[in-house]
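J.: Before anything else, here's the structure in question.
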Amino acid sequence: MDYVTSAVDPVEGIKSPFSELPKLGDDRKALIVHRAEHTYLLLNRYPYNPGHLLIVPYREVPEIADLTSAERLEMMDLVVLAQEMLRKAMRPDGFNVGFNLGRASGAGIPKHLHGHVVPRWNGDSNFLPVIGKTRSLPQALDKTWEVLKKALSE
């Protein structure tokens with residue numbers, strides 16, 4: 001609801017949000033849930049579902065082939081960590097995991113590769129995203145951040 005009712009985009013004016021967010025020094029404000037050596041987990045500011053996480057390399061590259069072996073391995077490790085954390089914190093029935101490569105695929109920031117881990121629940125989809133091109137967002141990002149950080153620390 002904050003996104004829907006806000007007059008200002010919180011990342012407006014940031015040229016490369018995925019490169020600049022880790023430098024803010026405030027992971028809660030940046031919505032960074034976990035940092036690893038080459039990559040980090042970030043709550044999607046424009047989620048499809050509560051708990052929608054992005055796996056982002058610190059290095060800005062557009063394609064999977066541009067990643068080092070260490071970056072690719074760590075991204076897959078973070079997929080596993082994200083699923084474990086989401087299972088513990090939110091008990092989803094399943095997940096969508098993937099990448100949108102290039103603007104034509106729906107990549108909002110095509111120059112900075114990132115993966116998606118989207119928790120899914122039986123019955124969570126309805127006509128809104130299919131026909132109305134509208135999403136239902138029942139949980140505030142800040143609350144989701146708290147729940148996921150707590151699950152990670154347990």
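J.: I'd like to compare 142-152, 56-66: which one has the highest average count of other Cβ atoms within 10 Å, and what's the full order after that?
T.: On the way: 142-152: 16.7, 56-66: 15.0.
Descending mean neighbour count gives 142-152, 56-66.
J.: Let me ask another. Once amide H atoms are placed 1.01 Å from N in the peptide plane, what residues at a sequence separation of 5 or more from Arg120, or on another chain, have their amide H within under 5 Å of its amide H?
T.: Asp93, Gly94, Phe95, Asn96
J.: Given Cβ point charges of +1 (Lys, Arg) and -1 (Asp, Glu) and nothing else, what value in debye, to the nearest 20, does the dipole of segment 16-113 about its Cα centre take?
T.: Details: 12 positive and 12 negative charges, 70 e Å.
It comes to approximately 340 debye.
J.: For segment 89-125, state which trypsin sites (Lys or Arg not before Pro) are in a DSSP loop and have at most 15 other beta carbons lying within 10 Å of their beta carbon.
T.: Details: sites: Arg103, Lys111, Arg120; in loops: Lys111.
Those satisfying the criteria are Lys111.
J.: Kindly flag which residue pairs out of Lys88/Lys143; Lys23/Lys143; Lys23/Lys111 have an alpha-carbon separation exceeding 20 Å in this structure.
T.: Working: Lys88/Lys143 15 Å; Lys23/Lys143 22 Å; Lys23/Lys111 18 Å.
Over 20 Å apart, Cα to Cα: Lys23/Lys143.
J.: Let me ask something else. For a Förster distance of 35 Å, can you work out the FRET efficiency between the beta-carbons of Ser69 and Ala107, rounded to the nearest 0.05? Mind dumping the intermediate values first?
T.: Values: r = 23 Å, r/R0 = 0.65.
Calculated transfer efficiency: 0.95.
J.: Where a Cα-Cα gap under 13 Å defines reach, which aspartates and glutamates qualify for Lys29, not counting those fewer than 8 residues away within the same chain?
T.: Answer for Lys29, where 13 Å is the Cα cut-off: Glu20, Asp142, Glu146, listed by chain and number.
J.: With the contact rule set at Cα under 8 Å and sequence spacing of 6 or more, what percent relative contact order holds for segment 19-154?
T.: 29 percent
Read-outs throughout are calculated quantities, based only on the coordinates presented, and are distinct from any laboratory measurement. Bear in mind that the values here come from a model prediction, so they are computed numbers and not experimental data. Because the Cβ atoms are built from the backbone with ideal geometry, glycine has one as well, and the counts that use them run over all protein chains shown.
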